[in-house]
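A short write-up of the structure that comes next.
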Amino acid sequence: EMYILPFLNETFFIFDFAVKDDGRALVFCENYAGRPGRYIDEEKIEYRILAAEAGNPNLIEYKLNLPDRVIEGLKAKLDSSGAVVGSAFMQNTRRSSRLDGLYVFRIPPDGESIERKQLALTEEMYEAAFPYGEKESIFTANKHRFSNFVVDYLFVEPDGSWIITAEYRKEDQNSYEIEFNDLLVLKVAADLSRLNWIKRVPKRQTGYQGYWPYLSYKAFHKKENVFFLYNDANENHDQEGGTNSMTEYSGERARVILMQIRT
C-alpha cells in the first residue's frame with residue numbers, strides 16, 4: 001500500500017515502527033508544527049502513531065498529545081500482548097520549566113481505543129527519591145531540579161505493572177555542552193492509576209557532541225530487576241563500596257558501573 005501523508009519532510013520524523021502478529025503495521029512518529037531551526041518549541045511537537053491494516057485505504061491515526069499539558073520525551077513500544085504502551089513527562093505551560101507529572105497511555109491489541117492517564121509528580125516526590133540523605137544539597141538543586149527528564153525505556157512486568165526509566169538530559173543553548181545526569185526509575189500500577197514508587201540514581205556527566213559514545217546509559221530488564229550500565233568518575237569510587245560524593249564525569253578516568261534495582 002502507498003499512503004500520502006499531510007506532512008513536510010523537514011518537519012516529520014519517524015522514531016520507531018513495529019509490525020503486529022495480525023499484520024498491522026505501526027509507525028511511531030512526530031510532526032513539528034513550528035518553523036524548523038536550531039531551537040525546538042516543545043509545545044509545537046505533535047506526537048502520533050499511524051497504523052496501516054490490510055483492506056483499509058486510510059491510515060488509522062492516534063493523536064497522543066494532551067490538551068492542557070506539554071509532553072516531553074515520549075517513548076512508545078509494542079508489548080508482548082500486542083498492546084501499544086507509551087509514556088512521557090508533562091509540564092504546565094503556565095508554570096516554570098519544572099515537570100509536574102507523568103503521562104501514560106495504552107492502546108489495546110484490538111486498536112479500538114486509547115487509554116490515557118496523568119499521574120502527578122511533585123518536586124517533593126523527586127527530592128524524596130534522592131538516596132544520599134533527606135534532600136539534595138542546595139548547591140546543586142538549581143542544576144538538577146525536576147526538569148529536562150526524557151523517557152528512554154518502558155518494561156512491562158509479568159503482573160502488568162510498568163517500569164519506566166528516564167534520564168536528565170539538557171543541551172546548553174549558548175554552547176555545545178550537553179548534560180546527561182540523574183536516572184529515574186518509576187513503577188506504574190498495572191491499571192495505570194498511580195505511581196507505586198520512584199527511585200533516583202544520581203550521576204553527573206558533562207560532555208560535547210564528540211563525547212556521546214561515553215555518556216548517557218543503557219538499561220535492560222531481567223527477572224524483576226532493572227540493570228543500568230554507565231560510565232562514572234573514578235573519584236566516586238575511591239573508597240571500598242563507593243562514596244556519597246558526586247564528582248562530575250566528563251570522559252576521562254572512567255569507571256564502568258553496572259547497577260541493579262529490584263522492581
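Quick notes on this one:
- Residues being of a type in the set (S, T, N, Q) and not in a strand (DSSP E or B) - total across region 158-213: 6
- Being in contact (Cβ under 8 Å) with a residue 40 or more places away in the chain and within 23 Å of T165 (Cβ to Cβ) is a description that does not apply to F13.
Per-residue answers, yes or no, for (1) modelled with pLDDT of 75 or more; (2) closer than 28 Å to I107 by Cβ; (3) not hydroxyl-bearing (S, T, Y):
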residue: Q173; (1), (2), (3): no, no, yes
residue: I178; (1), (2), (3): yes, no, yes
residue: D182; (1), (2), (3): yes, no, yes
residue: Q209; (1), (2), (3): no, no, yes
residue: K222; (1), (2), (3): yes, yes, yes
residue: G242; (1), (2), (3): no, no, yes
residue: V256; (1), (2), (3): yes, no, yes
residue: R262; (1), (2), (3): yes, no, yes
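- Applying the criterion of being of a type in the set (A, V, I, L, M, F, W, C) and crowded, with 17+ Cβ neighbours inside 10 Å to the residues of region 19-51, the residue that is farthest from S175 (Cα to Cα) is A51.
- Region 80-132: number of residues that are touching a Pro at 6+ places or on another chain (Cβ under 9 Å), open to solvent by less than 60 Å² (accessible area, probe 1.4 Å) and farther than 28 Å from V27 by Cα: 1
- Residue within region 167-186 that is closer than 17 Å to E124 by Cα and touching a residue at least 60 places away in the same chain (Cβ under 8 Å) present: yes
- Candidates F130, F139, filtered to the one that is of a type in the set (A, V, I, L, M, F, W, C) and modelled with pLDDT of 80 or more: F130
- Residue check, A76 within 26 Å of S147 (Cα to Cα), of a type in the set (G, A, S) and within 22 Å of the chain's Cα centre (by Cα): yes
- Condition broken by N58, with the remaining ones in (1) closer than 22 Å to S193 by Cβ; (2) out of contact with any strand residue (DSSP E or B) (no Cβ under 7 Å at 6 or more places or on another chain); (3) of a type outside the set (G, A, S) satisfied: (1)
- Filtered residues of region 41-77 (kept if assigned to a strand (DSSP E or B) and either without any contact (Cβ under 8 Å) to a residue 12 or more places away in the chain or among the aliphatic types (A, V, I, L, M) (or both)): I45, I49, L50, A51, A52, I60, V70, I71, L74, A76
- Scanning region 175-204 for residues that are more than 18 Å from G101 (Cβ to Cβ) and in contact with a helix residue (DSSP H, G or I) (Cβ under 8 Å, 6 or more places away or on another chain), we see that the one that is surrounded by the most Cβ atoms within 10 Å (Cβ to Cβ) is I178.
- Selection from region 1-18 of residues that are part of a strand (DSSP E or B) and open to solvent by less than 70 Å² (accessible area, probe 1.4 Å): F12, F15, D16, A18
- Which listed residue, of E10, E1, E53, is farther than 18 Å from G73 by Cα and in contact with a Pro (Cβ under 7 Å, 6 or more places away or on another chain): E10
- Scanning region 215-228 for residues that are surrounded by fewer than 17 Cβ atoms within 10 Å (Cβ to Cβ), out of contact with any Asp or Glu (no Cβ under 9 Å at 6 or more places or on another chain) and of a type outside the set (D, E, K, R) yields F220, N225, F227.
- Within region 161-173, the set of residues being open to solvent by less than 20 Å² (accessible area, probe 1.4 Å) and of a type outside the set (D, E) comprises S161, W162, I163, I164, T165, A166, Y168.
The values are calculated or read from the model by the stated rules, or taken from the named source; none is laboratory data. Treat the numbers as computed from the prediction; the structure is a model and nothing was measured. Cβ sites come from the backbone with ideal geometry, for glycine too, and all protein chains shown count toward neighbours. For the accessible areas, the whole protein counts, side chains as well, though only heavy atoms, and no ligand, DNA or RNA atoms are used. Shrake-Rupley method; radii C 1.70, N 1.55, O 1.52, S 1.80 Å.
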